[in-house]
């Protein structure tokens, strides 16, 4: 809309000069001022969009940190019950460290997906320990991790949305000229590889429900 408005004003000034409605000197001055204002407006638009992308990424980092903080508590809670599952616990700890050290957004997404899968494995194994499933601390950590996973997925979707908006603006004429001259670079998307999306689209809580469903089914079979 802003680009369209500036285009109309530019056209009117140019037309007035061609038909001698306004002196050429005044028209040239007006056109130069209009061009400067246009560039400033486009630059400010890009800055605002880039800031929104950074804020959206900050929301993701908040949820990631919350999950990183919960995992050590979870491991400490379950290891007293799952003494024969040392390999599973070590895998969770290793994947947490890998996710925290990941560099690019693509690496971060892949590491987070692997961490989600190891957590699913941990909770699946936990179904074999009735005493652990009755532990209130374990149940609370399970609930908090599920809630964090849902918030993380929502934050990721919002980040990708604002990143797409920013990238589209930075690649569209005439904003792309300002973006190139001012050094605005495209934002990466926080997405998973195609073959990983199906697994990652299932939050941790889904596996919890599935496990409960199997347990209920087993109970029904016993009653029958």
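Condition check ((1) crowded, with 16+ Cβ neighbours inside 10 Å; (2) in contact with a helix residue (DSSP H, G or I) (Cβ under 6 Å, 6 or more places away or on another chain); (3) within 24 Å of residue 93 (Cβ to Cβ)) across all residues:
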| residue | (1), (2), (3) |
| --- | --- |
| 107 | no, no, yes |
| 111 | yes, yes, yes |
| 131 | no, no, yes |
| 141 | yes, yes, yes |
| 146 | yes, yes, yes |
| 162 | yes, yes, no |
| 168 | no, no, no |
| 174 | no, no, no |
### Message
Going through 174, 130 one at a time, which residue ends up being at pLDDT below 90 and under 24 Å from residue 50 (Cβ atoms)?
### Response
174
#### Entry: Elements of type helices (runs of 4 or more DSSP H) in the range 99-191, at least 2 residues being under 30 Å from residue 38 (Cβ atoms)
136-171, 175-182
### Message
Being touching a helix residue (DSSP H, G or I) at 6+ places or on another chain (Cβ under 7 Å) and at pLDDT 95 or above is true for just one of 91, 67, 50. Which residue is that?
### Response
50
### Task
Restrict the check to the range 199-206 and report whether at least one residue is part of a helix (DSSP H, G or I), surrounded by fewer than 16 Cβ atoms within 10 Å (Cβ to Cβ) and at pLDDT below 90.
yes
### Message
Looking at the range 77-97 only, could you name the residues that are surrounded by fewer than 17 Cβ atoms within 10 Å (Cβ to Cβ) and closer than 26 Å to residue 60 by Cβ?
### Response
93, 94, 97
## Note on the structure
Only one of (1) more than 18 Å from residue 75 (Cα to Cα); (2) free of Cβ contacts under 8 Å to residues at least 60 places away in the same chain does not apply to residue 136, and that is (1)
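Answer yes if at least one residue in the range 22-39 is within 26 Å of the chain's Cα centre (by Cα), at pLDDT below 95 and surrounded by 13 or more Cβ atoms within 10 Å (Cβ to Cβ), and no otherwise.
No; the residues of the range 22-39 include none that is within 26 Å of the chain's Cα centre (by Cα), at pLDDT below 95 and surrounded by 13 or more Cβ atoms within 10 Å (Cβ to Cβ).
The values are calculated or read from the model by the stated rules, or taken from the named source; none is laboratory data. Keep in mind it's a predicted model, so treat the numbers as computed, not measured. Heads up, the Cβs are rebuilt from the backbone with ideal geometry, glycines too, and the neighbour counts pull from every protein chain shown.
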